[in-house]
Amino acid sequence: MTSSPLSPAPLRVGIVGTGYAGTTAGEAYRAIPGVEVVAVAGKEADRLAALAAAWDVADVYPDWEAIVARDDIDIVSVATPNALHDVISIAALRSGKHVFCEKPLAITSEAARAMVAAATENDRVLEVAFNHRRRADVQWAHRYLEETGVGRIYHARASWKRRSGIPGLTSWFTSRDLAGGGALIDLGPHVIDSLLYLMGEPRVVAVSAVAHGELGRAGYGAMDNREQMAGSGRFEVEDLVSALLRLENGASVALEISWAGHTADDEDISIELLGVDGGLRLFVPRYKPQDTLWVYRQDAGAPVTMRPAVTVPGGEHGLVITEFIDVVRSGDWTGHHGEFALHRTEIIDACYRSAAEGKEVTL
Ligand SMILES: NC(=O)c1ccc[n+]([C@@H]2O[C@H](COP(=O)([O-])OP(=O)(O)OC[C@H]3O[C@@H](n4cnc5c(N)ncnc54)[C@H](O)[C@@H]3O)[C@@H](O)[C@H]2O)c1
């Protein structure tokens with residue numbers, strides 16, 4: 001390792017994956033003073049060459065192992081198909097590197113727990129890319145709930161629904177072994193993360209879920225503007241999950257995540273929180289940067305609807321990576337060993353088990 005946590009020496013980053021996630025992360029690191037991207041790994045020679053030229057990176061590799069094996073790299077940024085997240089992260093953590101991992105943390109609870117254990121035992125930072133919660137509208141909602149509140153939140157509705165949004169139909173995203181699941185494990189981490197964040201991190205104690213993969217299997221629903229790594233060439237996962245979540249505080253959540261549907265939904269993200277004294281709604285169609293918030297209350301006996309004027313400037317991935325670098329530099333890594341991402345994976349895992357078994361599953 002070239003630097004201790006408090007050293008002024010540059011932090012040296014190796015990026016694994018050259019797709020959307022790896023490229024976005026690389027741009028974010030490069031924008032932070034004192035952080036250098038020194039190596040990139042990926043299977044696509046053309047993308048590696050293009051990134052090496054654009055980022056002035058000398059070392060590119062076809063396999064992640066070459067990055068983890070180096071002793072002059074401080075941080076490994078993991079942006080590969082989901083099934084590799086645990087394998088790469090655990091190896092990197094054991095070799096003394098900090099890890100920034102794309103969502104989901106892992107494809108099973110067991111793998112996610114092993115990652116948290118590796119980060120804890122080696123006392124290295126393990127952070128996950130929950131960039132959606134950094135949207136300015138989600139941040140405003142969080143602040144409103146903390147400062148003003150809506151009374152006890154007894155029920156929430158949370159969803160991400162697309163009309164035609166299967167990323168890379170027949171790519172790794174739709175291979176069970178490489179992705180671990182479909183719409184839920186792809187879009188669910190962001191929705192569940194923002195929801196739990198807004199609700200004050202309640203624990204989910206039970207889930208009852210159903211999963212369908214009708215549209216993908218019938219060849220409908222492909223998102224046409226993405227180029228992902230190849231997979232099995234088949235559609236082996238679900239394109240819709242609907243679930244009822246029971247929370248430890250007695251509250252409930254109706255969750256629906258879908259990649260595709262013959263419906264009006266078109267990349268719609270929605271979170272509705274129903275409190276005893278008020279309600280809060282976040283509705284983001286097609287990543288809309290404004291007019292995404294509603295607050296409902298009853299004042300002087302009449303229903304009042306507020307429309308907070310919050311604009312979302314974008315760049316959330318950069319914010320998450322900046323915070324990650326700040327944590328690494330702080331030298332205080334308590335609570336940054338991936339533990340809070342773990343519960344998100346446990347919820348998703350439980351939903352898949354419930355759908356497979358056809359009954360409610362407790363966590
Ligand atoms: N935070 C977000 O908003 C966000 C957005 C998109 C994707 N993601 C996540 O990022 C990850 C990657 O998604 P993507 O869309 O960039 O996929 P992608 O298919 O475009 O890229 C995957 C990359 O992994 C590389 N790879 C695979 N096996 C490898 C190996 N053995 N060694 C080195 N490199 C290897 C591939 O060569 C490819 O470059 C996924 O986990 C996805 O869920 C997160």
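The values are calculated or read from the model by the stated rules, or taken from the named source; none is laboratory data. From a predicted model like this one, the values you see are computed outputs, not experimental measurements. As a convention, Cβ positions derive from the backbone with ideal geometry for all residues, glycine included, and neighbour counts pool all protein chains shown.
Pick from Thr263, Thr345, Thr362: which is closer than 28 Å to Ala243 by Cα, buried (at least 17 other Cβ atoms within 10 Å of the Cβ) and in contact (Cβ under 8 Å) with a residue 60 or more places away in the chain?
Thr345
Between a residue in the range 60-74 that is hydroxyl-bearing (Ser, Thr, Tyr) and any residue that is not in a helix (DSSP H, G or I), which pairs come within a Cβ distance under 8 Å, given they are 6 or more apart or on different chains?
Taking only residues 6 or more apart or on different chains, the pairs are Tyr61/Ala39; Tyr61/Val40; Tyr61/Ala41.
Scanning for something touching a strand residue (DSSP E or B) at 6+ places or on another chain (Cβ under 7 Å), not assigned by TED's automatic domain parsing to the domain that holds Leu126 and not acidic (Asp, Glu), does the range 312-328 turn up at least one residue?
Within the range 312-328, not a single residue is touching a strand residue (DSSP E or B) at 6+ places or on another chain (Cβ under 7 Å), not assigned by TED's automatic domain parsing to the domain that holds Leu126 and not acidic (Asp, Glu).
Scan the range 52-75 and tell me whether some residue there is touching a Cys at 6+ places or on another chain (Cβ under 6 Å) and either part of a helix (DSSP H, G or I) or not assigned by TED's automatic domain parsing to the domain that holds Pro167 (or both).
No, the conditions are met nowhere in the range 52-75.
Just to be sure before I move on: is Ala83 surrounded by 24 or more Cβ atoms within 10 Å (Cβ to Cβ), touching a residue at least 40 places away in the same chain (Cβ under 8 Å) and part of a helix (DSSP H, G or I) in the structure I sent? Even if it seems obvious, please write down each step before you answer.
Details: surrounded by 24 or more Cβ atoms within 10 Å (Cβ to Cβ): no; touching a residue at least 40 places away in the same chain (Cβ under 8 Å): yes; part of a helix (DSSP H, G or I): yes.
No; evaluated as a whole, the condition is false for this residue.
Answer with yes or no whether Ala91 is among the small types (Gly, Ala, Ser), within 24 Å of Ile107 (Cβ to Cβ), within 16 Å of the ligand (Cβ to nearest atom) and out of contact with any Pro (no Cβ under 8 Å at 6 or more places or on another chain).
When the stated conditions are applied, Ala91 passes them.
Return a yes/no flag: does the range 244-253 have any residue that is surrounded by fewer than 19 Cβ atoms within 10 Å (Cβ to Cβ), farther than 23 Å from Ala355 by Cα and within 18 Å of the chain's Cα centre (by Cα).
Taking every residue of the range 244-253 in turn, none turns out to be surrounded by fewer than 19 Cβ atoms within 10 Å (Cβ to Cβ), farther than 23 Å from Ala355 by Cα and within 18 Å of the chain's Cα centre (by Cα).
May I ask you to verify whether Ser354 is touching a strand residue (DSSP E or B) at 6+ places or on another chain (Cβ under 7 Å), polar (S, T, N, Q) and either in contact (Cβ under 8 Å) with a residue 24 or more places away in the chain or outside the structural domain of Tyr197 (by TED's automatic domain parsing) (or both)?
Numbers: touching a strand residue (DSSP E or B) at 6+ places or on another chain (Cβ under 7 Å): yes; polar (S, T, N, Q): yes; either in contact (Cβ under 8 Å) with a residue 24 or more places away in the chain or outside the structural domain of Tyr197 (by TED's automatic domain parsing) (or both): yes.
In short, yes.
Considering each of Ile257, Ile269 in turn, give the residue that is of a type in the set (A, V, I, L, M), within 16 Å of the ligand (Cβ to nearest atom) and touching a Gly at 6+ places or on another chain (Cβ under 8 Å).
Numbers: Ile269 fails: touching a Gly at 6+ places or on another chain (Cβ under 8 Å).
Only one candidate qualifies: Ile257.
Looking only at the range 215-229, decide whether some residue is of a type in the set (Gly, Ala, Ser), more than 23 Å from Leu169 (Cα to Cα) and in contact with a strand residue (DSSP E or B) (Cβ under 9 Å, 6 or more places away or on another chain).
No; the residues of the range 215-229 include none that is of a type in the set (Gly, Ala, Ser), more than 23 Å from Leu169 (Cα to Cα) and in contact with a strand residue (DSSP E or B) (Cβ under 9 Å, 6 or more places away or on another chain).
Of the residues Ala83, Ala53, Ala66, which single one is within 13 Å of the ligand (Cβ to nearest atom) and more than 18 Å from Ser109 (Cα to Cα)?
After applying the criteria, what remains is Ala66.
Criterion first (within 20 Å of Gly17 (Cβ to Cβ) and at pLDDT 95 or above) does Asp268 satisfy it?
So Asp268 fails the test.
Rundown of residues vs (1) among the polar types (S, T, N, Q); (2) free of Cβ contacts under 8 Å to residues at least 60 places away in the same chain; (3) within 16 Å of the ligand (Cβ to nearest atom), yes/no style:
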{"site": "Ala106", "(1), (2), (3)": "no, no, yes"}
{"site": "Glu110", "(1), (2), (3)": "no, yes, no"}
{"site": "Val116", "(1), (2), (3)": "no, no, no"}
{"site": "Thr120", "(1), (2), (3)": "yes, no, no"}
{"site": "Arg134", "(1), (2), (3)": "no, no, yes"}
{"site": "Ala141", "(1), (2), (3)": "no, no, no"}
{"site": "Tyr144", "(1), (2), (3)": "no, no, no"}
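Is it true that some residue in the range 195-207 is within 16 Å of the ligand (Cβ to nearest atom), among the β-branched types (Val, Ile, Thr) and surrounded by 19 or more Cβ atoms within 10 Å (Cβ to Cβ)?
No, every residue in the range 195-207 fails to be within 16 Å of the ligand (Cβ to nearest atom), among the β-branched types (Val, Ile, Thr) and surrounded by 19 or more Cβ atoms within 10 Å (Cβ to Cβ).
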